[in-house]
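The values are calculated or read from the model by the stated rules, or taken from the named source; none is laboratory data. Since this is a predicted model, take the numbers as computed values, not measurements. Don't worry about glycine lacking a Cβ; one is built from the backbone with ideal geometry, like all the others, and counts go over all protein chains shown.
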Amino acid sequence: MKITRLPDVERSEGRSVAVGTFDGVHLGHREVIAGSDTVLTFDPHPVSVVAPQHTPKLLTTPERKAELIASLGVRELVVIPFDAEFAKRSADEFVQDVLVGALDATRVAIGENFRFGHKAQGDPRLLQADGRFATTVHPLLEVDGEIVSSSHIRGLVLAGDLAEVTRLLGAPFQLCGEVTHGDQRGRELGFPTANLVPDEAIACPGHGVYACLAYGRGPLSAPVPAAVSIGVRPTFQTGRGELIEAYLLDFDGDLYGQTLCLEFLMRLRGERRFDTAEALIEQMHLDVAQTREHVRRHRARATGAGSATGNVQR
């Protein structure tokens, strides 16, 4: 998939364009994108510019969002570098300068809650009234009576309901970061961990222990199971802040300074304080066994015939 900044876009006759922020690229977003050869999105998130005090924690980095959109068969991702100057453009200017002028769109696909232009004055009706392109407005998607939205999924991530998050995203929630040095506490206990510092801009599951798949580059290019702890390690007085600690099963290697990605499959338990190191070690053995089982089930489902998404309504 070609990735282009809007100022550098080349005019191409007859684009079919899906427009939206698409944070998470969830099931509802995928309905909007389906059948489009081009996706038009924004970076950074428009709220961070027009109302920075309400900036949401994102479900996807720009790189992850591009990866997910590419997996849907889209040929080109056009990214609007969203800033205060762009936010001043009227809805009519957005249509004329971007959709018609830059992209020469013949078809535009949006969600029914999409708003655009200065002070969000543009709406689906404005696009539908423009005869220069056809507009498809997708109703909000419901799964089991709940509207699928990025904000709802962020709440599920924080609550640790990663199985439901995977179902609504259509793919596991992912965190990536550079492996940093910790206190070597896990190594002393027999469970050496690769440590990541949470990115303040990205949503992070609540404190607890999770079954994950981990992968990176080089010796870790193939995903391996990982038991991942998120929290402040209450059993020990470390003085450190929140940390993501990943114990990689069936892997022994040096990952310091490398990028590690974690796909979250299931929450195993909450964060707990243990009376002794021995009690913690016993629990960690149970966490590892549960992680193996959840990864086995995940892989079995992935190779099975399709996946259930519940009672989907449009």
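Brief remarks on what is shown
- Leading residue by the ranking (farthest from P46 (Cα to Cα)) among those in the stretch 197-211 that are touching a residue at least 60 places away in the same chain (Cβ under 8 Å), buried (at least 24 other Cβ atoms within 10 Å of the Cβ) and out of contact with any Asp or Glu (no Cβ under 6 Å at 6 or more places or on another chain): A211
- When restricted to residues that are closer than 16 Å to D43 by Cα, part of a loop (DSSP other than H, G, I, E, B) and more than 19 Å from the chain's Cα centre (by Cα), the stretch 61-87 contains 2.
- Within the set G73, G28, the sole residue that is surrounded by 15 or more Cβ atoms within 10 Å (Cβ to Cβ) and either in the same structural domain as G122 (by TED's automatic domain parsing) or of a type in the set (S, T, Y) (or both) turns out to be G28.
- Per the conditions (1) free of Cβ contacts under 8 Å to residues at least 60 places away in the same chain; (2) assigned to a loop (DSSP other than H, G, I, E, B), the sole criterion not satisfied by T41 is (2).
- Flag for V98 being under 23 Å from A66 (Cα atoms), buried (at least 20 other Cβ atoms within 10 Å of the Cβ) and in contact (Cβ under 8 Å) with a residue 24 or more places away in the chain: yes
- A single entry from R107, R167 fulfils the requirement of being touching a helix residue (DSSP H, G or I) at 6+ places or on another chain (Cβ under 9 Å) and of a type in the set (K, R): R167.
- Scan the stretch 96-148 for residues that are more than 28 Å from the chain's Cα centre (by Cα), of a type outside the set (G, A, S) and assigned to a strand (DSSP E or B) and the total you get is 1.
- Residue in the stretch 31-44 that is surrounded by 18 or more Cβ atoms within 10 Å (Cβ to Cβ) and acidic (D, E) present: yes
- Residue check for Q96: out of contact with any strand residue (DSSP E or B) (no Cβ under 9 Å at 6 or more places or on another chain), polar (S, T, N, Q) and either over 19 Å from S36 (Cβ atoms) or modelled with pLDDT of 95 or more (or both): yes
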